[in-house]
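Worksheet for the structure shown next.
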Amino acid sequence: MAGSFTVVDVKTAPIDGQKTGTSGLRKKVAEFKKPNYLANWVQSLFSSIDGLKGSSIALGGDGRYWNKDAVRIICRIAAANGVSKVLVGQNGILCTPALSAIVRRRELLGGIILTASHNPGGPNADFGIKYNVSNGGPAPESVTDKILSNTKTISTYGMACVDGDNTEADPFGSVDLAAVGATKFTSADGAAFTIDVVDSAADYVELLQSMFDFAALKALFARSDFSFLFDAMSGVTGPYAQRIFVELLGGPAECVMRGEPLEDFGGAHPDPNLTYAADLVASLDPKKSPDAPAMGAASDGDGDRNMILGRGFFVTPSDSLAVIAAKAKAAIPFFKDGLTGVARSMPTASAVDHVATKLGISCFETPTGWKFFGNLLDAGKAQICGEESFGTGAFHVREKDGIFAVLCWLAVLAHENAGTKDGDLISIESIVTDHWKVYGRNFFSRYDYEEVDSEAGAKLMATVTKVQEDMVAAADGSGSMTLGDFPVKVTTADNFSYTDPIDGSVAKGQGLRFVFEDHSRLVFRLSGTGSSGATIRLYAEQYETDEAKQGVDAQVALKPLIDLALKISNLTEITGRSSPTVIT
Ligand code: VG1
Ligand code: CO
């Protein structure tokens with residue numbers, strides 16, 4: 001089938017507040033639906049990329065409300081801007097790591113992801129858009145800064161229309177997004193444009209199959225002492241999980257819960273953590289569920305986050321990263337040549353640092369957000385990366401990858417149990433506690449105060465900055481400083497700044513941190529992914545090498561640090577919040 005279209009320049013004016021946050025532009029659906037809102041941003045994006053004319057790009061989203069409408073609008077703007085082909089995931093769906101895989105494998109110019117990730121979906125909830133560059137990773141700040149400046153000066157955007165008199169109707173409306181296949185169109189001045197609807201899973205699943213020993217994982221699934229439960233949280237990963245855990249690994253159909261992608265995620269918050277995946281957590285708790293599976297896992301709305309659970313045991317993302325890095329070479333074929341480096345975001349607990357030291361490899365500390373790992377991965381300086389926010393990934397794509405992390409843990413379990421008899425499964429809990437014996441335990445917790453008033457958020461950061469300034473001013477030159485009457489001295493009190501070791505770009509103001517002499521840390525930062533108000537994140541970490549003290553509950557171990565943080569920041573008074581919205 002073929003058709004034709006005419007390019008029309010539509011008049012518009014700048015719209016405030018279109019700045020890309022930690023991971024794309026995220027706003028309420030109502031905001032995105034306002035006239036020209038999406039079109040302004042997309043045109044500003046296209047105006048900032050080199051090589052757009054004649055290029056091919058990928059497009060897909062997490063299936064949330066308004067996903068398909070946005071796909072249609074973006075195709076029209078892409079055609080008007082001279083893009084020659086848009087590869088759209090079937091039904092407009094692509095999980096974030098799958099989009100990254102497609103961009104890389106098919107050597108595309110880039111890709112657009114429609115997601116607000118773990119934020120709720122639906123007509124009254126959130127929508128989001130993000131651009132990934134040719135390495136498959138989120139656009140660096142040099143690109144997002146250009147997009148922002150274009151949003152401030154935009155006066156027209158291009159739109160493919162049926163003809164100059166009919167600017168409403170979609171000239172590509174005949175394309176069935178549910179049917180895989182390419183449809184060609186020609187513009188009035190002879191340019192060709194193709195919408196190619198591609199299988200949402202094929203490239204990505206093949207990539208994962210090439211990285212892991214699926215036969216060994218299948219053998220693990222076949223053991224009677226192993227069982228597995230995956231919570232797709234009604235997000236995008238359901239069909240991918242069905243394909244991998246059920247069809248390829250032989251798990252029972254019930255091993256995927258909430259496997260059907262829903263536009264509003266069933267009204268839930270598709271964020272894989274102890275609060276929002278409470279049903280999964282309860283299913284893994286042997287006190288509540290006597291038949292609790294040996295392993296549980298969940299991923300978020302767009303499939304880039306993961307949570308790993310053992311029977312009655314939560315693996316913190318920081319520990320997960322450290323264990324995967326420690327076992328990668330032996331347990332995962334993709335890493336058989338070993339690692340040259342690992343990387344973690346600054347607030348992430350330093351568990352992986354101890355592994356890097358032992359392996360004699362580099363360990364990089366980057367600002368929050370996956371875009372900062374891109375250069376390290378491209379340059380081969382790091383192969384595995386992670387964030388405390390349930391993000392784990394490697395150099396196979398340039399996004400964090402939820403299902404990849406789950407496969408890593410299955411591979412670790414399969415490897416550790418290669419010699420055990422059915423019935424004697426070495427558990428996830430014992431793998432992690434054994435890890436602590438060797439490397440020490442990094443207790444970690446994050447307190448989120450969501451949607452506080454923006455002014456209160458700014459005031460809190462100003463208060464903590466002042467505390468830091470006063471400490472630094474009072475420093476006696478001995479290299480350590482005092483924080484109130486806290487018994488442990490502070491060695492660093494600053495606002496984290498990062499210089500990219502590859503391109504020298506500098507990212508300032510990435511979080512207020514206090515590092516203590518015993519390697520404990522407190523970090524304060526404001527979220528860059530919220531759609532309204534401010535979300536304050538408080539991170540606490542404490543290192544414990546004494547085996548006898550490693551079994552304590554993290555909240556108990558971290559209480560003195562958290563109390564200190566609340567006191568010095570005056571958080572309760574400034575925000576009016578006596579407790580956080582979410583603790584992870
Ligand atoms: C949060 C996390 C960060 C993560 C980002 C995107 O950002 O802290 O680690 O990379 O979300 O994750 P912020 O600025 O709100 O703290 V996702 O799953 O939204 O793509
Ligand atoms: Co996500």
Part-to-part distance (alpha-carbon centres) for the range 492-569 and the range 262-285, which is given in Å: 26
Value of [θ]222 nm, deg cm²/dmol, for the chain, DSSP H segments ≥ 4, -39500 (n - 2.57) each, nearest 500: -9000 deg cm²/dmol
Extension gain (nm, one decimal) between residue 424 and residue 492, 0.36 nm per residue minus Cα-Cα: 19.8 nm
For the chain, Kirkwood radius (reciprocal of mean inverse C-alpha pair distance, Å): 24.7
Computed E for residue 480/residue 559 - FRET, C-beta separation, R0 35 angstrom, nearest 0.05: 0.95
FRET efficiency estimate (nearest 0.05) - Cβ-Cβ, residue 167 to residue 206, R0 35 angstrom: 0.30
Taking the convex hull of Cα positions in the range 361-482, its mean projected area over all directions (nm²): 12.6
On Cα atoms only, tilt of 428-439 relative to the major axis of the chain in degrees: 60
Extension gain (nm, one decimal) between residue 546 and residue 253, 0.36 nm per residue minus Cα-Cα: 101.2 nm
Helix 96-105 axis, angle to the chain major axis (alpha carbon atoms, nearest 10°): 60
Label-point separation, residue 434 to residue 450 (7 Å along Cα→Cβ), nm: 3.7
Length-normalised contact order for the chain - Cα pairs under 8 Å, 6+ apart - percent: 13
Degrees between helix 554-569 axis and first principal axis of the chain (Cα, 0 to 90, nearest 10): 70
Distance between modelled label sites at residue 260 and residue 518, nm, 7 Å Cα→Cβ extension: 5.2
Backbone N within the range 232-259 under 20 Å of label point (7 Å from residue 218 Cα along the Cβ vector): 240-256
FRET efficiency estimate (nearest 0.05) - Cβ-Cβ, residue 472 to residue 10, R0 56 angstrom: 0.60
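FYI, it's all coordinate maths here, none of it is from the lab. Source: prediction; values computed, not measured. So basically every Cβ, Gly included, is an ideal-geometry build from the backbone, and we count neighbours across all protein chains shown.
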